[in-house]
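The values are calculated or read from the model by the stated rules, or taken from the named source; none is laboratory data. Source: prediction; values computed, not measured. As a convention, Cβ positions derive from the backbone with ideal geometry for all residues, glycine included, and neighbour counts pool all protein chains shown.
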Amino acid sequence: MISESSRKKLKVTVWGINYSPEVVGIGPYNAALCDHLLAQGHSVCMVTSSPYYPEWRKNPADRRRVFRKDHIAGVEVHRCWHYVPQRPTTLKRILHEGSFALVSFLRLLFLSKPDALIVITPPLLLGTGARLFSWLHKVPYVIHVQDLQPDAAVGMGMLKPGLLIRLLYRLEAFAYGKAARVSGISQGMVTAFKRKGVPPEKTVYFPNGVHLPVAMPLKGAFRRRLNLSRGDFLAVYSGNLGVKQGLEILIEAARLLRDSRIRLIICGEGAQRDFLAKQIAAHQLSNVILLPLMNRQNYEEMLVDADLCLITQQKGSGACFLPSKLLSCLAHSKPVLTVADESSELAVALQNGGFGRNVEPGNPAELASTMETMAKNPEMLLEFAEAGFRFVEQFEFGQVLSRFTQQLVSLTTSAPVFLVEAPPEKEATEPVGV
């Protein structure tokens, strides 16, 4: 039986830097959340940037435009100007995120008051803005974390411990301090929130979801398009080509491969694309094919024809991060070969799910050897593929989004318990989780 609280229709504002028509990264998940809320009868408004990711390039028409309003699949989308560097560095990323946080916060102030505000981070500064907005309007806010930025920056060596890191952690604590809920895409994130002082009853496990394929494209279309034979063993990587992915190990491994049947397909856009292209050309690697970002149909045709999916992470980057591309691979019943720290969320998920093999970062020889071993064992690959599909069923979009929506509705039915200025003793104490 459906309760009265579950029938309540909300006015929800979602605030995040990425949205449709971006097809990789956080954008598709923000769009899926808005689409689901709208389908459940809620009123949804999205405050976001002009499309730029993963190419790190705006459309010419957006470069001088401060604000713009779109309607995408029924969702009211407010676009805001932000600085987009051609070659992101640490300083330029700070300016990039800071410019969006400032301009979009000003836009948020002039929109009608919502029943609840959902903030998607990064950027971390949006959490600070959310607390200020909540104080001004007495609106509960939820912070949904796709990446623990300070932790990742320290883990990857991009920032050294010091004043800036201390400032980032203080901003993080400030943002979390009055949030009605703090959600994360992995169990490791939820554990990290508790370590950072978020009360357990306010933490929510909200993983990224995946649409389980109803019908697969015809096998062979991708191979025909690239003139690849049925005997070629295709190991594919698709997604963002950035520093965090540590993709140079694929180039190094390709140089060491002895099995001439193995073809590495690297598909995507990002800050490291030019570097990868130069490395492939410099080493004259005929066993590596670099492709642009694909539309959904071509992407699914590639997955259908792939023999193995590759997912790489730079050392220190994946302690609490589970790459969303993993779910698409498993949903298409593909075995996986990962490059990640043994303690990372990715490696732990792989071990628990039994759907592939993992190699530690910095060991291209082991990566090449593992790839060759897997290419010679079709029975092993089949077992991994079947295990992966069983594992991924828990992440089906409808289930994931419905559980989170229930959490959101519970905030408004419990008000004023969750208003930011409510005294601590009146805050909810029942355990929550999805």
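Taken together, LYS202, LYS160 contain a single residue that is under 26 Å from VAL44 (Cα atoms) and at pLDDT below 95, which is LYS202.
Considering only segment 1-22, how many residues are buried (at least 18 other Cβ atoms within 10 Å of the Cβ) and either at pLDDT below 85 or acidic (Asp, Glu) (or both)?
Adding up the residues that qualify gives 1.
Look at segment 167-194: where a residue is over 22 Å from LEU322 (Cβ atoms) and outside the structural domain of SER134 (by TED's automatic domain parsing), no partner that is in a helix (DSSP H, G or I) and of a type outside the set (Phe, Trp, Tyr) sits 6+ places away or on another chain with Cβ atoms under 9 Å. Do we find that GLU372 is free of Cβ contacts under 8 Å to residues at least 60 places away in the same chain and not assigned by TED's automatic domain parsing to the domain that holds LYS202 in this structure? Taking the combined requirement at face value, the residue does not satisfy it. Of the strands (runs of 3 or more DSSP E) contained entirely in segment 235-348, those carrying at least 1 residues that are surrounded by fewer than 21 Cβ atoms within 10 Å (Cβ to Cβ) and touching a residue at least 24 places away in the same chain (Cβ under 8 Å) fall at 262-269, 288-291. Taken together, the residues in segment 182-231 that are closer than 18 Å to VAL119 by Cα and of a type in the set (A, V, I, L, M) amount to 6. Across segment 358-374, which residue is surrounded by the fewest Cβ atoms within 10 Å (Cβ to Cβ) among those that are among the aliphatic types (A, V, I, L, M) and over 15 Å from GLN313 (Cβ atoms)? My answer is ALA365. Restricting segment 23-55 to residues that are closer than 21 Å to GLY398 by Cα and small (Gly, Ala, Ser), the residue that is modelled with the lowest pLDDT is GLY25. Of the residues in segment 54-71, none is in a helix (DSSP H, G or I) and in contact (Cβ under 8 Å) with a residue 40 or more places away in the chain.
Go through the residues of segment 350-357 one by one and say whether even a single one is closer than 19 Å to LEU234 by Cα, surrounded by fewer than 24 Cβ atoms within 10 Å (Cβ to Cβ) and at pLDDT 95 or above. Yes, the conditions are met somewhere in segment 350-357. Scanning segment 361-392 for residues that are aliphatic (A, V, I, L, M) and within 25 Å of LYS244 (Cβ to Cβ) yields a count of 6. Would it be correct to say that VAL23 is outside the structural domain of LEU241 (by TED's automatic domain parsing) and in a strand (DSSP E or B)? The answer is no for VAL23.
A single entry from LEU293, LEU308, LEU256, LEU241 fulfils the requirement of being over 25 Å from GLY388 (Cβ atoms) and not assigned by TED's automatic domain parsing to the domain that holds ASP147: LEU256.
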